[in-house]
1. Could you list, in sequence order, the residues of the range A:167-196 that are within 14 Å of chain C (Cβ to nearest Cβ), assigned to a helix (DSSP H, G or I) and either within 19 Å of the chain's Cα centre (by Cα) or not polar (S, T, N, Q) (or both)?
2. Evaluate the following for A:C297: is it without any contact (Cβ under 8 Å) to a residue 12 or more places away in the chain and in contact with a His (Cβ under 8 Å, 6 or more places away or on another chain)?
3. Can you name the residue in the range C:161-198 that is assigned to a helix (DSSP H, G or I) and of a type in the set (S, T, Y) and, of all such residues, is surrounded by the fewest Cβ atoms within 10 Å (Cβ to Cβ)?
4. Conditions first: (1) over 24 Å from A:L63 (Cβ atoms); (2) within 14 Å of chain C (Cβ to nearest Cβ); (3) not in a helix (DSSP H, G or I). A:S286 passes all but one, so which condition is the exception?
5. Checking the condition in contact with an Asp or Glu (Cβ under 7 Å, 6 or more places away or on another chain), at pLDDT 85 or above, under 30 Å from B:V174 (Cβ atoms) and part of a helix (DSSP H, G or I), which residue from B:I109, B:I98, B:I128, B:I103 passes?
6. Go through the residues of the range A:45-67 one by one and say whether even a single one is farther than 30 Å from A:Y232 by Cβ and surrounded by fewer than 20 Cβ atoms within 10 Å (Cβ to Cβ).
7. For the structure I just gave you, tell me whether A:G229 is more than 8 Å from every other protein chain (Cβ to nearest Cβ) and in a strand (DSSP E or B).
8. Looking at the structure I just gave you, is C:F32 surrounded by 16 or more Cβ atoms within 10 Å (Cβ to Cβ), away from chain B (no Cβ under 14 Å) and on the phi < 0 side of the Ramachandran plot?
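The values are calculated or read from the model by the stated rules, or taken from the named source; none is laboratory data. Keep in mind it's a predicted model, so treat the numbers as computed, not measured. Here Cβ is always computed from backbone atoms with ideal geometry, including for glycine, and neighbour counts include all displayed protein chains.
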Amino acid sequence: MTNEISIQVNNLSKHFPVTSGVVFSRTVGAVRAVDNISFNIRHGETLGLVGESGCGKSTTANLMLGLETPTSGEIIIQGDDVAKLKGKALFNFRRKVQAVFQDPFRSLSPRKKISQIVGEPLIVHKVGTSKEIRKKVIDLLELVGINPQRADLYPHEFSGGQRQRIAIARALSLNPNVLILDEPVSALDVSIQAQILNLLIDLRKKFSLTYLIISHDLAVVEHVSTHIGVMYLGRIVELAPAAELYITPLHPYTQALLAASPVADPDVKLEAVLEGEVPSPMNPPSGCSFHPRCPECKPACQIDDKRMTEITPGHFVACNLYS
Amino acid sequence: MSESVAIATEAQSSTKAKNRARKRVPYVGLGFISIFLIVVIFGNWISPYDYDYWDMGNITQPPVWLEDGSWEHILGTDPLGRDVLSRIIHGARYSLAIAVGCIMVYGTIGIILGLTSGFLGGKVDMVIMRICDLWMGLPPIITALMVVAAMGPSSKAIIIYIGISAWPGYTRIVRGECMSIAQNDFIRLAVVAGCSKFRIIISHIFPNIVNTLTILVTLDIGGMIILTATLSFLGLGTQPPSPDWGLMMNEGRQYITYAWWLIVFPGVAIMFAVLGFNLVGDWLRDILDPKQKLR
Amino acid sequence: MQTSDPILELKNVKTYFFTTKGTVKAVDDISFSIGRGEIVGLVGESGCGKSMTSLSIMGLVPQPAGKTIAGEILFHGENLLEKSYEEMRQIRGDKISMILQDPMVSLNQILSVKYQIGEVFRYHDKPIVKSLKDMCIQVLKKVKVPSPEVRVTAYPFQFSGGMCQRTIIGMGVANGPDLLIADEPTTALDVTIQAQVLQLMKQVQEETNAAILMITHDLGTVAQLCSRVIVMYAGRIIEQAPVKTFYKNPSHPYAVGLIKSVPVLGQKTDRLYSIKGQPPNLLNPPDGCRFSARCEKVMPICKEKYPPQISLESDHQVSCWLFAEKGDI
């Protein structure tokens, strides 16, 4: 496959209505979990979404997997408009897009053997006879570094890192083109994180996969991604190729995030540039939602909410500083 | 606290409970249940007489250790000459059958509705829960009387009555368990893999609630035995000449001053059967500790 | 390792858990000391025993399965392991404080903030200055919680994670402890909030001169805050060094591997270095060095005997056969 666009997200929004009243509830507001975001991911690339809690990255993952329906906007993955898929079309779509989630202890059904867990998607989609499925399961376990002789054990007999490998094996069982990874290594020890990240990189190369990886850990995201999107309160504030984001971060929030990330070097002192807390997504500030905490806030920022503009090729930022 | 402390604490506290549980296997409770089940299965062979055999030569005979008692009727006879021991043995089958019948009826309704309500959520959940609320408000005596009026008093009537009144409790519990399991990522992943809702409920959620259900059912059997005995005692259930324990107690009421054995022995039988199930149910709750479910 | 003027000294401490499956040697013969006003980082991955070390110091090892069966924990020269429950109670929250990982569960959601901060004063019979409420407001002011006069009567669920953690830090230092034990205090917080809290901890430490034992798996946090690092693996201490020495010149292969396997911002590599294998099962730790199964530089002696603690410099110790001289074996 060439460098065509694999995933296209246009003006995607997801608002959760907030109701008040016990008997006759009415909608009094909305939590703007995801607010008008757009991005493209080309085949073989990896987009990393970073941001702090409440920024909407996990909701974005759910939307891309069809687990939630957007309030507006569209998600087009390999030609399928995810929001409009139903029934058989949705079922077939599942073969293209799979997921790995954060918690290795809750991603595997505790009462099933891991061979059943890894093989379930194949059974559901009726791919092959039970013998063929068994062979495929063994191959997948070997691929992710799990001893196939342990295929008939239960999840509680494996460590966190091993369980995450099993989850990855399951995600690959249907030969998807796209993997959505929601904090895949956050719950793992540092030395295991490195193993899993290397595994993901190897698999991406081997199967020409396209990843959307979500994490709060900038270093992890930088390591795995080709492009990075920084989210704040449901919006993407900056989107750039990975290396460029770290060399020339443009948005003040991105700069603050980078400055605040602790570095394993005692000579580099971190600066807590940002004061205050993340505002509530129910009541986002007017204009640019970052303006109350922004060290470079101008009067225009309180009114004007800047759209994403391309500053250098491939590098987008939504900030009044750049117009 | 970090993961290691959490694991150590959990392992240690559940180890504590499991240690205790392993040490105090309820031999007494298991003993009572074993006797109960042996009586149920082999009743026909071990019972000295038929339950409605009238030994007219030995009416209202006291138990063997009292004056006038004999080894032919170890626990005595009633005014119709029926052997109390035999009636208790046969009565065990009635008790168990009715208790199990009730649990099957309300258990099935409860599990199906609970799983549906818990997993599908939304309007379905709301409707089912409101029906539960209404149903739990129905006064039990009136409902019982209505069922009896419609069907006439019988064992079947008890099963129907209890079956249709007790399901809201089960539904609530199953719904709660279902909702908490559905929070887990493996359910989300099952949806992402393309599993149908039906498959998720049967294959993913149900196996994880089996532990809770086992405990509930074991504890409920005791309660059901008492409930059916009560209803029969009130005349709403099993009818004579069936040897239901509650019915026996009702029949023995009038003779309590001079033929106390007619009411005491059925009561003792109920007590031991219920105690056995309760002891084993408590033990199961420790062994199948829900805290250990997802680890 | 001798620190000048140590306020806390652990000598050959062992904390074991006695379970039906066997004995878990959570903390297996560790020794270190903390000096007045020092910030020491205790680093390791899950299961290495760092949290259990802190609980052993506080006398809060979960019982009855867990017990500190050997060693001495000397606080100002007195052995904490010999103190009674009541004596330990008086020390906790007053002389030695602790803050934990998840701020949302460290505070009781149904008791007001004022009540909970007040506990710290009430339980140690502190003299009331002006009023208890005023003392609580001062605590909040010290940790820079905005609008402390209003917030003091609020409830924890009305606070964000960062504010909760600040409140807890405030409670921890309210009585001017000599030692503050912080068990993963910023792991559950967002990056920008984490930076604020770390800065706060540094500031608080400078003001009160309390020593801090910072327990974490995050090497970045340690580099920022600590002056000395202690690395634990599978219940034992494998390296102790000043922070700069540690990061520039780590000695133990595990420490080397750990530092190498952390992705560094701005330095993208094709593959991350990773330590192969898994941490050992503490139920049956292997003979010899516990890292031997995963070590790239393993030698035959590593699997037979546990390496002694070797001083590379006066303030840098490592437990590894690679650095042993003939006389040590």
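1. Selection gives A:V190, A:I192, A:Q193, A:A194, A:I196.
2. Yes, satisfied.
3. Among residues in the range C:161-198 that are assigned to a helix (DSSP H, G or I) and of a type in the set (S, T, Y), the one surrounded by the fewest Cβ atoms within 10 Å (Cβ to Cβ) is C:T192.
4. (2)
5. That would be B:I103, the only listed residue that is in contact with an Asp or Glu (Cβ under 7 Å, 6 or more places away or on another chain), at pLDDT 85 or above, under 30 Å from B:V174 (Cβ atoms) and part of a helix (DSSP H, G or I).
6. No, because not a single residue in the range A:45-67 is farther than 30 Å from A:Y232 by Cβ and surrounded by fewer than 20 Cβ atoms within 10 Å (Cβ to Cβ).
7. Taking the combined requirement at face value, the residue satisfies it.
8. So C:F32 passes the test.
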